[in-house]
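Report on one structure; see the data block that follows.
The values are calculated or read from the model by the stated rules, or taken from the named source; none is laboratory data. This structure is a prediction, so every number in the text was calculated from the model and none was measured. So basically every Cβ, Gly included, is an ideal-geometry build from the backbone, and we count neighbours across all protein chains shown. Quick note on the areas: whole protein, heavy atoms, side chains included, nothing else; ligands and nucleic acids left out. Shrake-Rupley method; radii C 1.70, N 1.55, O 1.52, S 1.80 Å.
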Amino acid sequence: MNFIKDFKNGTYVDDQFVITQVSKSIATTGKEYYRMTLKDASGTIQGVKWSVYPGEDEFVAANNIVYVSGVVEIYGKASTMQIRIDKIAPVPQDQVIVARFVKNPPVPREQLVERFNKHLASISDYELQLVIKTVLERVGDKFYEYPAAVSVHHDFSSGLLYHTISMADLGVYLSSYYVDIDKDLLLTAILLHDIAKTIEFEGDVSFKYSLEGKLLGHISIGMALVREIVDELGLKGEKFLLLEHMILSHHGQLEYGSPVLPQTREAILLNLIDNLDSKMAVADKALEDVLPGEMSQKIFALDNRILYKPKKQ
């Protein structure tokens, strides 16, 4: 089984891929051709198929899994790799090789669930704990299985759970460092802040944004879900308004999708913890295949910065 990260010029390809983007154009010869982005668990690569046959439009589409046969080649001034595709065909559902598309979490899922439950049990406020448990019952196992993002950070199986636990670990430490932080409220907001990504995303092998996710986003969906459950449980109190505020403001800036800015110390801390964990995950991913003493490619999620991987001492 060959993965994209191992491809070199001249590599023969005969494997399954997810199509993430595709377009059809007209070549100078007047013939139609496909240009597409293909993905597996290790990354993405461009593909071009210079001939289009009847019926291919039915399966050569974004988010479909296809068999691709062809050769890797270098093109353009930037020496970019692409697959010159000779053959492409749909993959029946029962023949999908899941291991080609789903990266495993760094820690076994069972251990992650155990760590999550310890954080949940540490919340002494019964009402806040009840809200979390009720939300989890509503979203089901997706919370334990979904990635935290489609491609940016923690984009692996159980990535949402892993990201949440990493933030909870930081929250426990920082709430003891800064005086008068409401630890129960902070932990509750951390455990729930991205819960609506189980609604914002959809998929099993290849994830994409659902229609609800595109139109509403996980921040507003999450706040509405928490408010609905608080109302159903008949709970009252300012702490639930503060919890809703923290969910709405956790991206920290209006231009990043938060409809309000953080206006409590706990909300500020939530935003900083989320930003810290996600940015470090982006950096780790960018440097994963970089050799010590070399630089990464430009990283869009880090303002197009290039990172350096220090040499081992």
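With the structure loaded, tell me whether Ser124 is in contact (Cβ under 8 Å) with a residue 60 or more places away in the chain, exposed (fewer than 12 other Cβ atoms within 10 Å of the Cβ) and over 26 Å from Ser210 (Cα atoms) or whether it fails that test. Yes: the conditions hold for Ser124. Considering only residues that are without any contact (Cβ under 8 Å) to a residue 24 or more places away in the chain, open to solvent by less than 90 Å² (accessible area, probe 1.4 Å) and part of a helix (DSSP H, G or I), which ones fall in region 99-118? If the condition is that a residue be without any contact (Cβ under 8 Å) to a residue 24 or more places away in the chain, open to solvent by less than 90 Å² (accessible area, probe 1.4 Å) and part of a helix (DSSP H, G or I), then Asn117 is the only one that fits. Got at least one residue in region 94-103 being of a type outside the set (A, V, I, L, M), over 22 Å from the mean Cα position of the chain (by Cα) and at negative phi? So far as region 94-103 goes, yes, one or more of its residues are of a type outside the set (A, V, I, L, M), over 22 Å from the mean Cα position of the chain (by Cα) and at negative phi. Flag not set for Asp125, criterion: of a type in the set (Asp, Glu) and at pLDDT below 95. Kindly indicate whether Ser210 is of a type in the set (Ser, Thr, Tyr), out of contact with any Cys (no Cβ under 9 Å at 6 or more places or on another chain) and either within 13 Å of Val131 (Cβ to Cβ) or in contact (Cβ under 8 Å) with a residue 12 or more places away in the chain (or both). Here the answer is no, as Ser210 does not meet what is asked. For the condition surrounded by 20 or more Cβ atoms within 10 Å (Cβ to Cβ) and of a type in the set (Gly, Ala, Ser), Gly222 qualifies. Restricting attention to region 206-219, the residues that are aromatic (Phe, Trp, Tyr) and surrounded by fewer than 20 Cβ atoms within 10 Å (Cβ to Cβ) add up to 1.
Apart from one condition, Lys197 fits all of (1) touching a Leu at 6+ places or on another chain (Cβ under 6 Å); (2) over 30 Å from Val60 (Cβ atoms); (3) charged (D, E, K, R); the exception is (2). Condition check for Lys39 on (1) touching a residue at least 60 places away in the same chain (Cβ under 8 Å); (2) open to solvent by less than 40 Å² (accessible area, probe 1.4 Å); (3) closer than 21 Å to Val96 by Cα: one failure, at (2). Can you tell me how many residues within region 141-155 are touching a helix residue (DSSP H, G or I) at 6+ places or on another chain (Cβ under 9 Å), touching a residue at least 40 places away in the same chain (Cβ under 8 Å) and open to solvent by 20 Å² or more (accessible area, probe 1.4 Å)? Within region 141-155, residues that are touching a helix residue (DSSP H, G or I) at 6+ places or on another chain (Cβ under 9 Å), touching a residue at least 40 places away in the same chain (Cβ under 8 Å) and open to solvent by 20 Å² or more (accessible area, probe 1.4 Å) number 4. When Gly30, Gly47 are checked against the criterion of being open to solvent by 40 Å² or more (accessible area, probe 1.4 Å), of a type outside the set (Asp, Glu) and over 30 Å from Thr134 (Cβ atoms), Gly30 stands alone in meeting it. Residues Val18, Val66, Val107: which one is out of contact with any strand residue (DSSP E or B) (no Cβ under 7 Å at 6 or more places or on another chain) and β-branched (Val, Ile, Thr)? Val107 is the lone residue from the list that is out of contact with any strand residue (DSSP E or B) (no Cβ under 7 Å at 6 or more places or on another chain) and β-branched (Val, Ile, Thr). Taking each residue of region 174-200 that is farther than 29 Å from Ser210 by Cβ and open to solvent by 50 Å² or more (accessible area, probe 1.4 Å) and looking for partners that are assigned to a loop (DSSP other than H, G, I, E, B) and β-branched (Val, Ile, Thr) with beta-carbon atoms closer than 9 Å, six or more apart or interchain, yields Asp182/Thr264; Lys183/Ile123.
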